[in-house]
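Data block below; observations after.
The values are calculated or read from the model by the stated rules, or taken from the named source; none is laboratory data. The shown structure was predicted, so the numbers you read here are calculated from the model rather than taken from an experiment. Here the Cβ is made from the backbone with ideal geometry for all residues, glycine too, and neighbour counts use every protein chain on show.
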């Protein structure tokens, strides 16, 4: 029985998708390359052509698919400004549809509808969907590989498993963690076969299917693996990754840091997504079931159908959506979804309601589950999962537990938790679907939803808790955080262009250093407000920033002609800054130490400059190198800027930022080689 998508269901999906696309694609004028990795990947648009080779050691950061895609898109007329962000924007938007398909296939219609809004409104996912990073594209291809692989196991299709391997291979070309899809499929299907799958499938058949996926993924990945031989082989990549591996020591602290990132980046969008998603899923499920029972009641052989489902079921669904949205506003949407995910996975194994509904769908069985109970209807069977939830639950358990264990074993960069977040999404949607179907089944038995005295007391208690939670939020003790999804990310770009202007003046002997240049977005206000965590007035740099906020720099016209170089600028660990300076028309290049000589043209030395920024200061050994070589440089100026929240948390932990609000103001230091 193939799923039937009603117009109303598709309309709800379309509404969530359009809003999700809007969050990811609007206000592109506030986007600029800012993150260290963004600068590395976007260097394909300028460094490759000017230097005749990729950015030094770029292969250590990611395979070439994303940088190449950015390079191709930047050549399309009219797309150069947003080309670096398009892969994440497009695949981030497609992830909404993908998660809907995964949720609906693996756990049913309600799970799919809930996921459309949870994923579409996810602050965390939106932020990374607006960055020139590998994480969102890799998550899309990894999730697609897992979904297609589960479908292939369900249908025993070698062709489908081959497609899953192709998707995993593309994920591997996007990010070195692309093999995650294979790990999830192998461990999840192994658990499923051990528990129940061996009754329907031989071990040899399962191995054959999985071998198709693994073999295809390896064949797709193999060309890049072989190309790595020219730069030291994959061992150099593995050694670089090992540097970020922290192991089990401090595992709890790094997990807490990851949780705090989600809490700090959360806004009212998260609670709204849970409330809207559950309301859409619950109301759609009830309305379709009500329509089915009404149609069945026309048949004279049916006498009890009209009484089912009762309005009390819809009331529970709507009430739950309000309660969960309010709770999410207090503990964060990721925290609530994690609780729902853990409870949902436990419930699906202990009480296989979704699996039973799937079996009824496969057999087109509409008989009543007990004497005197209401039978199953077309809406019930259509809302059921098309993939065995027992298989889906095992896959999801392997995905969730594996990512929960592995993610805190690495340095807690926020982006590393995206695969874990995807597992939480799916598990939470499965858990809520399980609860909705269990609620309907209780009413299906003909007992209605009887309310005892104890339940009535509990209902009043819960209502009181909700009222208190709302009051706390409204009065400000709690808070509906403002979304950061459209946060201005142009501060570093403007600082770079102001730096370029000063360099050109200094090279001509026209610059007179008076006070440090402070460059932050014109619509950003640095205030001594400890509640927002912005730099306080007692900090020298923060006070300076308040006094010298400048307007945006006009970046539409280059400041110089690279074909007639007047100077050369080098940067230590700041690829994003070099990209902006190149766009400003200056000749630039990266350095990995401070022993470089002055640049020359036709035998004459050119004024040569060095930029040191926050990334350089975090590079191991840099300060030792600077202590030995600083005598070679004269300080010219400082340029202060305000990094976006997501980039700030890449520089410092959320705990550090909360304790040191002055860290929200960063600077670029400009030096001239003597």
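Residue-wise test of (1) surrounded by fewer than 22 Cβ atoms within 10 Å (Cβ to Cβ); (2) part of a loop (DSSP other than H, G, I, E, B).
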position: 8; (1), (2): yes, no
position: 11; (1), (2): yes, no
position: 21; (1), (2): yes, no
position: 29; (1), (2): yes, no
position: 40; (1), (2): no, no
position: 49; (1), (2): yes, no
position: 67; (1), (2): no, no
position: 81; (1), (2): yes, yes
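In this structure, does residue 668 turn out to be in a strand (DSSP E or B) and buried (at least 16 other Cβ atoms within 10 Å of the Cβ)?
yes
Condition first: within 30 Å of residue 291 (Cβ to Cβ) and either touching a helix residue (DSSP H, G or I) at 6+ places or on another chain (Cβ under 7 Å) or crowded, with 17+ Cβ neighbours inside 10 Å (or both). Can you find one or more residues in segment 331-345 that meet it?
yes
Name, by its number, the condition in (1) at pLDDT below 95; (2) out of contact with any strand residue (DSSP E or B) (no Cβ under 6 Å at 6 or more places or on another chain); (3) over 17 Å from residue 402 (Cβ atoms) that does not hold for residue 169.
(1)
Evaluate the following for residue 101: is it surrounded by fewer than 24 Cβ atoms within 10 Å (Cβ to Cβ), assigned by TED's automatic domain parsing to the domain that holds residue 241, in a helix (DSSP H, G or I) and in contact (Cβ under 8 Å) with a residue 24 or more places away in the chain?
The answer is yes for residue 101.
Does residue 627 meet the test of being free of Cβ contacts under 8 Å to residues at least 60 places away in the same chain and crowded, with 17+ Cβ neighbours inside 10 Å?
no
Name the one entry in 647, 657 that is assigned to a helix (DSSP H, G or I) and crowded, with 20+ Cβ neighbours inside 10 Å.
Criteria check complete, one pass: 647.
Could you grab me the full set of residues in segment 164-178 that are in contact (Cβ under 8 Å) with a residue 40 or more places away in the chain and part of a helix (DSSP H, G or I)?
Across segment 164-178, the qualifying residues are 164, 165, 166, 168, 169, 170, 172, 173, 174, 176, 177, 178.
With 315, 275 as the choices, which residue is at pLDDT 90 or above and surrounded by 17 or more Cβ atoms within 10 Å (Cβ to Cβ)?
275
Pairs under 7 Å by beta carbon, first residue over 12 Å from residue 500 (Cα atoms) in segment 550-566, partner at pLDDT below 90 and not in a loop (DSSP other than H, G, I, E, B), six or more apart or different chains?
Cβ pairs passing all conditions: 550/518; 565/601.
Which condition breaks for residue 59 when tested against (1) under 15 Å from residue 573 (Cα atoms); (2) surrounded by fewer than 23 Cβ atoms within 10 Å (Cβ to Cβ)?
(1)
So the check is Cβ under 7 Å with 6+ separation or different chains; which pairs have a first residue in segment 44-57 that's closer than 19 Å to residue 237 by Cα and a second one that's modelled with pLDDT of 90 or more and surrounded by 15 or more Cβ atoms within 10 Å (Cβ to Cβ)?
Within 7 Å, the pairs are 54/48; 55/40; 55/43; 55/47; 55/575; 56/590.
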